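Every read-out reported here was derived from the displayed coordinates using simple, explicitly stated rules and does not represent laboratory data. Please read these numbers as outputs of a predicted model, since none were measured by experiment. Virtual Cβ from ideal backbone geometry, glycine too; neighbours counted across all protein chains shown.
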Amino acid sequence: MLRINDVFKFGQERYRILVLDGQHAIWINIDSDKAWPELVRTVEIEQWILDELLSRAEDPYSELASLAVEQGSKAQVIRDQRYELIAPLLANEEIYYRSGRGRLVQSHSDETGKPKKSLYKNLRQYWQRGAMPNSLLPDYRKSGGKGQKKISKKKLGRPRKISPGTGVTVDASIAKMFRLVLDRYYLNDKGHSLPYAHRRFIDMFEAANPNVQPEDYPTITQIRYFYHREYENADRIRLRANRISYQKDIRPLIGTATAGVLGPGSRYEIDATIADVYLLSADRQRIIGRPTLYVVVDVFSRMVAGFYIGLENPSYVTAMSALTTSMSDKTELCARYDLEITQEQWPTVGIPDAILADRGELLGHQIESLEKAFGVRIEVTPPYRGDAKGIVERYFRTLQAEFKPFAPGVVTGTKVRKQGGKDYRLDATLTLDDFTQIMLASILHRNQYAVLSKYDRDPDMPNDMALTPLNIWNWGIQNRTGRLKNVSEQALRIALLPRQKVHLSDLGISCFGAYYTSKELLASGWLHRNGDRRVTGLQAAYDPAVADYIYLFPEKDGSEYWVCSLTDRSRQFRGKSMWELWASQEEQRKATSVAKVAETTSKRDLENLVSNTIKNAERSRPAINKQQSKAATVRGIRDNRKQERDAQRAEQTKARQPDTSKPKSDVTYLHGKPDDGAFPDFLDELFGDDE
């Protein structure tokens, strides 16, 4: 559909439609300074569009429509005078046609005393620039060559009054040097100052221009002017900052996390930190260091959905523990720490639509089960971009602010003693359970009562609703989408457990060097030693806190699992955790490695002994009796064996004779001499001639 003021490109020229009158249109070439309105049929325009000869183009004068002109300015006066001059001509339709235009312009020139050239110029400018009063504005905004370089043989700028010399004009060669030193020494994240870059420029300029006196060298003011003229402010800020710091701390923030979610459970953010407090062991006798704190936050309501507090380092395993808590009922967990709540007070039970986390925590084949089985979308942040999870990052400071002013053993910046100060680590008082109870109470307080004064409301949120996480959550459940999906807690727990490739052997399922079995595994026949090829590519889920059981998945990508327990062969690991199993195996490997060194040495000595013995025997062996045949030699083996055996028995009998060098004591038997209790001799039966 054609509209007045549409701009079309026809070949290399652009045309603006001025009038639409049924089957005809009037347009004007806006690129020619001699153009006048032309009559064209609308059917032709539509055909040219279909033939791809005519296409819509951007209006080069579109900014004039929104240009605000200062009242009383010279530009406004000129615009109004020009429009008032041609307004009577525009009221007559004959002005668009060549046949009547000359007569009308001549008549109006005679009435006003204005030359026809001025009338034609104003009419052409009015039509070409959009047929509106602002089309007649003078081009003052283009005056002065804003942003363009000034070229002069004389040095520009104010003359010197105090400093010696006259200076030099910045020509192309100096500008090139300016750009080189700025890019090399100043526009980077190394923190060099502009005077430093100017000094490096002087070194370069002095080498290239040895005849110029030092007082006439380009000044720091000139390089500063060049810097501000050639580089945009946004580029100066970006190039002077570290890339990661710019993305995280400096770049403009034009969005909000809440705008990207539909409602409660649309997206969870998860992150970990090391808490700023030192703890004691359960018996309060040892300092055990700082705990790991994981927090899972719902982006829409800002409610803390789950957490993890423990001594394990941040990893997939601890992240899954926090996620399991976030998707399960928390009433029993709170009761364990003497905090009585109802499910309505902490209603985050179920699986969210998406989880946003760091790359290292949720990467790997383990997380695929959560994606495939429950339809959770996993989102990962770029490296070193903590700002991508701004909601949960802010909660770390908020939660720790609840206990920092009161708790002993809090990290205070430095542990070096200064002016009689003491090491804050020695003030540790809380145990892990104490700290967990404090953090759990803080989370409950934040979820139910903390007012989010800076929360960006949705337009339809009631004004009389207090912006607490619990209120926002309940409102979102009733008025938004993104509700949590309900699943079995046991199925969820198994799905979130880490997984490990396992293989079948004669001793059972091998996982981390330990062996497991189950009644389903025995019934499957996979462990039978009948020579058939065993199943490969199996996986099992395991709980790092319990080594007694693993969960074997007999089918790839299936949800069915078999609970397998440790066999008697691996009974040493019963009652232990996987961490203890790994530690025991590492110690065993170290001990085995040390023993292997001694074994290798002994084995080498044994091989040398065998080799030397054989060599000595070969040297001592008499020459073969060539007069006796090989058959006769072989037939004498039995007799030779009997003779050697008799000689050996005689030596053994002699060695076992009692020592008669000492006289025997007389023995008096009270009830008669007992029978001989010596063990019977079965040598003949055992080593008889059965060959």
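What the table below lists for this structure:
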| read-out | value |
| --- | --- |
| Linear extension gain, Val212 paired with Val563, 0.36 nm per residue minus alpha-carbon span | 117.6 nm |
| Fewest-first sequence of Tyr225, Tyr140, Tyr294 by Cβ atoms within 10 Å of each Cβ | Tyr140, Tyr225, Tyr294 |
| Diffusion constant of the stretch 72-139 at 4 °C, which comes from Stokes-Einstein with the Kirkwood Cα-pair radius and 1.567 mPa s, µm²/s | 106 |
| In Å, descending, principal axis extents of the Cα set of the stretch 1-77 | 48, 26, 25 |
| FRET efficiency, Gln657 to Lys603 (Cβ-Cβ, R0 41 Å, nearest 0.05) | 0.55 |
| Of Lys485/Lys556; Lys34/Lys121; Lys34/Lys116, those spanning more than 19 Å from alpha-carbon to alpha-carbon | Lys485/Lys556 |
| Pair Ser281, Lys454: separation of 7 Å Cα→Cβ label points (nm) | 4.3 |
| Equivalent-ellipsoid semi-axes of the stretch 453-599, from the Cα gyration tensor, Å, largest first | 48, 22, 12 |
| Residue-span extension gain [Leu504 to Lys596] - 0.36 nm each, minus C-alpha spacing | 30.4 nm |
| Descending semi-axes in Å of the stretch 498-581, equivalent ellipsoid built from Cα gyration tensor | 20, 15, 10 |
| Tyr140-Ser32 FRET efficiency (beta carbon distance; Förster radius 25 Å; 0.05 resolution) | 0.60 |
| Theoretical gain in end-to-end length, Ile162 to Gln47 [0.36 nm per residue, Cα-Cα removed] | 34.1 nm |
| Nearby aspartates and glutamates by direct alpha-carbon distance to Lys114 (threshold 15 angstrom, same-chain neighbours under 8 apart not counted) | Glu84 |
| Proxy reagent accessibility, fewest Cβ within 10 Å first, across Cys511, Cys334 | Cys334, Cys511 |
| Within the stretch 14-32: backbone nitrogen closer than 16 Å to the Tyr97 label point (7 Å, Cα to C-beta) | 19-27 |
